[in-house]
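The values are calculated or read from the model by the stated rules, or taken from the named source; none is laboratory data. What you see is a predicted model, and the numbers here were worked out from it, not measured in a lab. All Cβ positions, even for glycine, are placed from backbone atoms using ideal geometry, and neighbour counts span all protein chains on display. To get the accessible areas, we keep the full protein, side chains included, count just its heavy atoms, and leave off ligands, DNA and RNA. Shrake-Rupley method; radii C 1.70, N 1.55, O 1.52, S 1.80 Å.
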Amino acid sequence: MTGGRLKSLLRAGCAALVLGALPPAAHAANSILGKASNMLLRADTVDYDINNNVVTAHGHIEIDYNDRILTADQVSYDQNSDKVTASGHVVVVAPDGNVAFANSVVLTDNMRDGVLRGFAALIGKNGRLGAASAQRVAGVQTIADRGVYTNCKICRQKGERNPLWQVKAFHVVYNEVKHRIVFHDATMELFGVPVFYTPYFSVPDPTVKHESGILTPSVGHSSLLGYSVQLPVYIALSDSQDATLAPSYYSQGGELLESEYRQRWANGGMWLQATVANTPYGGLSGHENTWYSSLFGSGRIALTDTWSLDFDVQLTSNDTYLKRYSLSTLDRLVSDLSLTRESGRSRFAITGYFFQGLRATDVGSTIPLAIPVIEYTYIPLHDWLGGQFRFDLNGNSVTRNVGPDAQRVTAEARWRLPLITADGQLITLQADARGDAYHIDNNSLIEDPTVPLQSRYLERGLPYVALDWRWPFLAAGKPGHSFVIEPIAQAIAAPYGGNPDGIPNDDSESFEFDDNNLLTFDRFPGYDLVESGPRANLGLHAIAYFPTGSIEALAGQTFRPRPDPVFATDSGLRGTTSDLVGLVTVKFPPYFSLAQRVDVDQSTGELLRNEVYFTGTYKNSALEVSYVRLPPQPVTLGLDTREEITAEAVLGLIDHWQLYAAGQRDLESDQMIESDFGIGYNDECLGISIAYRRQFTRDRDVPPSTDVLLSVKLKTNDDVEQPTDLFPHHIFTAP
């Protein structure tokens, strides 16, 4: 059969066949296609020239050859040279998913090598490489001349073809095995404007999750530290370990090195942040050569299926160091090390705590060291006598350089029986028995009338029986609308005198009476102080549900036959009737939420405490506002009247631009605490911002200061920050 005859027989309106798998009658064609026996070809028409060993396809062509897919308008395959020539909308998909585009290509070696004209490539999800021409070498490298690379989307609108950032280079080498792109004679362009030139640099391709290298630097200026530049370096140690080193130089603040190490494993992980700084401008005089350091971190190490070792570390060498370099706003640091066992519903832990106070009023010699703190909780998997049983054993040892040392052991057993009546009343009976034993030594040079100087032992026993009653009423409105109103009453029968003289108060000092502890049987957060004597708690809970949100309110008071001396005059619980406390929350996600917490003096009706928190979001704009007015608490917390307002807003402008503003003001003293302003751009491939911050307060050797910071982030993945992530300073604190 002649070649022309075979060619005419094999022309068709649509062809789809495996070359080399032809029937016996076509053995001549089969022998010609020899090396192409694993090539699948689809096309509108296919011509076979047996005399010249050439296969030509036309129209909607798709070739699958050794897991490489080629599509084009026209393709010819020369069997003698194993050469594939394609033209017209050529697309080549590699086995790893990378895609190359070209006007025309000539491919050899199983379509692994060749020359591409009018070349463009999609690398991973975001990487885009283009060039006038490119060459494929050994199936693993692409060498492009006059190439352009970016991770940004390229807009198709007229006049907007340039990406936000791109790298132009005379010579680009992309190694698919090493997943690396090398640029020679390269220029970085931002918004189409050249901003940086380098004769050589390389970057990992977008498919790489972990790769060591230099991150985007940042520059700024501070009235306290002068001009600054930071050059962070990322170190990829393994798939589960990495680290970051960020050295900074300040013209008036010396050198700062920030480092972070992160590691994850199957049942835990850890991170550590260590910093060290040296400045010739330290101390109260501002001219002392000073070294600073800090260490922060946390971790969980699973020893067995039930045992784990956990730690938290917060340490600094200087009270004002963290604030001086804007490393942290914390003013009380807590470090701990814990050995924990959890089995079923029971838990055992032995922990040591170290505290560090950074406030000017803190006296280090009086800050306690709690080693050890022992906690054991036993909760059986089945009910006891029809109810829920729990046993707790707790002990600690607290030591100080100056002040009382104490060791305490507490044992507490609790039985709880919940009941539901036929008409929907919820009744819970609880019985509790607790005993404490203390050993106390006082080495304080200042006599404390509540803690005797001589060593002594103290014991305390406190049983109580309590009844909790709730009766929720439900009213259903139109679809999606329902209303619940629930009166709540609690009665506690307990003896008086639960706090004998001489017991130290180490874990119950920070007490505030509010909606969180209104309906509880014992309000103190720790073990040292207890609420004693008979009493009753009354409250009203209401909630309205709507298709898009809810409104909820809680209010109540506490009543007792006679005052409990454990509560100070500024606690809100002094006397036989407590203040009226309540909370109102309005939630209509995702647009806004509002919460207001109040404390009303029961005798005068004066609004003593008023806290309002508002959060609103709309598209890429957000607003957070908090207002706090707290009464003086000289006895409980040693604080005067406080009244502050804090606001933080991000306004979304056009084309991914955002405007940021924030402020914190002390209304009691009528002065600003802090203010922030900034503007930034944020999309899937670029984040850039310039921020201004002014601190109005002084803390010893850290005077009021003004900071300006420029930050640029070239993104290589699909992660997009929240609006406020553009800006380095945040002053809003959630309730």
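Out of the residues in the stretch 137-158 meeting the condition of being modelled with pLDDT of 75 or more and open to solvent by 30 Å² or more (accessible area, probe 1.4 Å), tell me which one is nearest to the chain's Cα centre (by Cα). Write out each step before concluding.
Taking the stretch 137-158 first, the residues modelled with pLDDT of 75 or more are 137, 140-152.
From what is left, the residues that are open to solvent by 30 Å² or more (accessible area, probe 1.4 Å) are 137, 140-141, 143, 145-146, 148.
Numbers: Val137: 43, Val140: 38, Gln141: 38, Ile143: 40, Asp145: 42, Arg146: 41, Val148: 35 Å.
Checked the stretch 137-158; the qualifying residue nearest to the chain's Cα centre (by Cα) is Val148.
Ile181 - would you say it is of a type in the set (A, V, I, L, M, F, W, C), closer than 19 Å to Gly127 by Cβ and surrounded by fewer than 15 Cβ atoms within 10 Å (Cβ to Cβ)? Quick ask: steps written out before the conclusion?
Details: of a type in the set (A, V, I, L, M, F, W, C): yes; closer than 19 Å to Gly127 by Cβ: yes; surrounded by fewer than 15 Cβ atoms within 10 Å (Cβ to Cβ): no.
No; evaluated as a whole, the condition is false for this residue.
Which residues, taken from the stretch 270-300, are surrounded by 15 or more Cβ atoms within 10 Å (Cβ to Cβ), without any contact (Cβ under 8 Å) to a residue 60 or more places away in the chain and over 20 Å from Leu330 (Cα atoms)?
Correct list: Met270, Asn278, Thr279, Tyr281, Thr290, Arg300.
Kindly indicate the residue of the stretch 301-317 that is in a strand (DSSP E or B) and touching a Phe, Trp or Tyr at 6+ places or on another chain (Cβ under 7 Å) and also least open to solvent (accessible area, probe 1.4 Å) among those meeting that condition. Outline the logic, then answer.
If we filter the stretch 301-317 for residues that are in a strand (DSSP E or B), which is where we start, we get 301-302, 307-316.
Retained after the next criterion (residues that are touching a Phe, Trp or Tyr at 6+ places or on another chain (Cβ under 7 Å)): 313-314.
Working: Val313: 19, Gln314: 48 Å².
Here the residue is Val313.
Could you tell me which numbered condition Ser87 fails, if it satisfies all but one of (1) at pLDDT below 85; (2) assigned to a strand (DSSP E or B); (3) on the phi < 0 side of the Ramachandran plot?
So the condition that Ser87 fails would be (1).
Mind checking which pairs have a first residue in the stretch 321-337 that is more than 23 Å from Tyr249 (Cβ to Cβ) and a second that is open to solvent by less than 20 Å² (accessible area, probe 1.4 Å) and among the hydroxyl-bearing types (Ser, Thr, Tyr), Cβ under 6 Å, 6 or more apart or different chains?
Asp336/Thr351
Restricting to the stretch 355-365, name every residue that is open to solvent by 20 Å² or more (accessible area, probe 1.4 Å) and not acidic (Asp, Glu).
Taking the stretch 355-365 first, the residues open to solvent by 20 Å² or more (accessible area, probe 1.4 Å) are 355-356, 359-365.
Correct list: Phe355, Gln356, Arg359, Ala360, Thr361, Val363, Gly364, Ser365.
Quick check: is even one residue across the stretch 264-273 more than 27 Å from the chain's Cα centre (by Cα), part of a strand (DSSP E or B) and not hydroxyl-bearing (Ser, Thr, Tyr)? Lay out the reasoning, then the answer.
Looking only at the stretch 264-273, we keep the residues that are more than 27 Å from the chain's Cα centre (by Cα), and these are none.
No, the stretch 264-273 contains no residue that is more than 27 Å from the chain's Cα centre (by Cα), part of a strand (DSSP E or B) and not hydroxyl-bearing (Ser, Thr, Tyr).
Give the stretch 301-320 a look and list any residue that's without any contact (Cβ under 8 Å) to a residue 60 or more places away in the chain and either over 23 Å from Leu257 (Cα atoms) or of a type in the set (Asp, Glu) (or both), or say none. Walk me through how you get there before you give the answer.
Restricting attention to the stretch 301-320, the residues satisfying the condition of being without any contact (Cβ under 8 Å) to a residue 60 or more places away in the chain are 301-318.
Scanning the stretch 301-320 gives Ile301, Ala302, Leu303, Thr304, Asp305, Thr306, Trp307, Ser308, Leu309, Asp310, Phe311, Asp312.
Can you work out which of the residues in the stretch 688-716 that are in a strand (DSSP E or B) and modelled with pLDDT under 85 is most open to solvent (accessible area, probe 1.4 Å)?
Filtering the stretch 688-716 down to residues in a strand (DSSP E or B) leaves 688-695, 699, 702, 705-714.
Still in the running and modelled with pLDDT under 85: 712-714.
Numbers: Val712: 40, Lys713: 101, Leu714: 53 Å².
Among residues in the stretch 688-716 that are in a strand (DSSP E or B) and modelled with pLDDT under 85, the one most open to solvent (accessible area, probe 1.4 Å) is Lys713.
What are the pairs with Cβ atoms under 6 angstrom where one residue, in the stretch 339-354, is at negative phi and open to solvent by less than 70 Å² (accessible area, probe 1.4 Å) and the other, located anywhere, is of a type in the set (S, T, N, Q) and not in a strand (DSSP E or B)? Sequence gap at least six, or different chains.
Ser343/Thr306
If you take the residues in the stretch 51-75 that are of a type in the set (Gly, Ala, Ser) and either free of Cβ contacts under 8 Å to residues at least 40 places away in the same chain or farther than 14 Å from Ser87 by Cβ (or both), which one is surrounded by the fewest Cβ atoms within 10 Å (Cβ to Cβ)? Show your work before the answer.
Pass one, the stretch 51-75, residues of a type in the set (Gly, Ala, Ser): 57, 59, 72.
This time we only want the ones that are either free of Cβ contacts under 8 Å to residues at least 40 places away in the same chain or farther than 14 Å from Ser87 by Cβ (or both), so: 59, 72.
Numbers: Gly59: 15, Ala72: 25.
Only one residue tops the list, namely Gly59.
With respect to Ala661, is the statement that it is surrounded by 18 or more Cβ atoms within 10 Å (Cβ to Cβ), at negative phi and not in a loop (DSSP other than H, G, I, E, B) true? Please lay out each step first, then the result.
On the way: surrounded by 18 or more Cβ atoms within 10 Å (Cβ to Cβ): no; at negative phi: yes; not in a loop (DSSP other than H, G, I, E, B): yes.
So Ala661 fails the test.
Would you be able to say whether some residue in the stretch 570-578 is over 33 Å from the mean Cα position of the chain (by Cα), under 30 Å from Val402 (Cβ atoms) and modelled with pLDDT under 90? Write out each step before concluding.
Restricting attention to the stretch 570-578, the residues satisfying the condition of being over 33 Å from the mean Cα position of the chain (by Cα) are 570-578.
This time we only want the ones that are under 30 Å from Val402 (Cβ atoms), so: 570-571.
Those still in the list that are modelled with pLDDT under 90 too: 570-571.
Yes, the stretch 570-578 contains at least one residue that is over 33 Å from the mean Cα position of the chain (by Cα), under 30 Å from Val402 (Cβ atoms) and modelled with pLDDT under 90.
In the stretch 372-388, how many are part of a strand (DSSP E or B) and either open to solvent by 40 Å² or more (accessible area, probe 1.4 Å) or in contact (Cβ under 8 Å) with a residue 60 or more places away in the chain (or both)? First the steps, then the outcome.
So the first thing to find is which residues in the stretch 372-388 are part of a strand (DSSP E or B), and the list is 372-378, 384, 387-388.
Filter once more, so that each one left must be either open to solvent by 40 Å² or more (accessible area, probe 1.4 Å) or in contact (Cβ under 8 Å) with a residue 60 or more places away in the chain (or both): 372, 374-376, 378, 384, 388.
Count: 7.
Checking Ala493 against (1) under 19 Å from Pro565 (Cα atoms); (2) at pLDDT below 95; (3) open to solvent by 40 Å² or more (accessible area, probe 1.4 Å), only one condition comes out false. Which one?
Among (1) under 19 Å from Pro565 (Cα atoms); (2) at pLDDT below 95; (3) open to solvent by 40 Å² or more (accessible area, probe 1.4 Å), Ala493 violates only (2).
Can you tell me which of Pro504, Pro500 is under 17 Å from Pro404 (Cα atoms), under 41 Å from the mean Cα position of the chain (by Cα) and modelled with pLDDT under 95? Lay out the reasoning, then the answer.
Values: Pro500 fails: under 41 Å from the mean Cα position of the chain (by Cα).
Exactly one of Pro504, Pro500 is under 17 Å from Pro404 (Cα atoms), under 41 Å from the mean Cα position of the chain (by Cα) and modelled with pLDDT under 95, namely Pro504.
Every residue, every condition in (1) in a loop (DSSP other than H, G, I, E, B); (2) surrounded by 15 or more Cβ atoms within 10 Å (Cβ to Cβ); (3) at pLDDT 95 or above; (4) of a type in the set (D, E, K, R), yes or no:
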{"residue": "Val195", "(1), (2), (3), (4)": "no, no, no, no"}
{"residue": "Thr207", "(1), (2), (3), (4)": "yes, yes, no, no"}
{"residue": "Leu237", "(1), (2), (3), (4)": "no, no, no, no"}
{"residue": "Asp242", "(1), (2), (3), (4)": "no, yes, no, yes"}
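For the stretch 396-413, state whether one or more residues are more than 30 Å from Phe311 (Cβ to Cβ) and modelled with pLDDT of 95 or more.
Of all residues in the stretch 396-413, those more than 30 Å from Phe311 (Cβ to Cβ) come to 413.
Filter once more, so that each one left must be modelled with pLDDT of 95 or more: 413.
Yes, the conditions are met somewhere in the stretch 396-413.
Provide a single number: the residues in the stretch 159-174 that are touching an Asp or Glu at 6+ places or on another chain (Cβ under 9 Å) and either assigned to a loop (DSSP other than H, G, I, E, B) or open to solvent by less than 60 Å² (accessible area, probe 1.4 Å) (or both). Even if it seems obvious, please write down each step before you answer.
At the first step, the residues of the stretch 159-174 found to be touching an Asp or Glu at 6+ places or on another chain (Cβ under 9 Å) are 162-172, 174.
Imposing the further condition that a residue be either assigned to a loop (DSSP other than H, G, I, E, B) or open to solvent by less than 60 Å² (accessible area, probe 1.4 Å) (or both) reduces the set to 162-167, 169, 172, 174.
Residues in the stretch 159-174 being touching an Asp or Glu at 6+ places or on another chain (Cβ under 9 Å) and either assigned to a loop (DSSP other than H, G, I, E, B) or open to solvent by less than 60 Å² (accessible area, probe 1.4 Å) (or both): 9 in total.
Please list, ordered by residue number, the strands (runs of 3 or more DSSP E) wholly in the stretch 502-621 having 2 or more residues that are polar (S, T, N, Q) and open to solvent by less than 30 Å² (accessible area, probe 1.4 Å).
Output list reads 549-559.
Do the conditions hold for Ala431, that is, is it more than 20 Å from Leu583 (Cα to Cα), more than 35 Å from the chain's Cα centre (by Cα), part of a strand (DSSP E or B) and modelled with pLDDT of 95 or more? Before the answer, list the steps.
Numbers: more than 20 Å from Leu583 (Cα to Cα): yes; more than 35 Å from the chain's Cα centre (by Cα): yes; part of a strand (DSSP E or B): yes; modelled with pLDDT of 95 or more: yes.
Spelling it out, Ala431 is indeed more than 20 Å from Leu583 (Cα to Cα), more than 35 Å from the chain's Cα centre (by Cα), part of a strand (DSSP E or B) and modelled with pLDDT of 95 or more.
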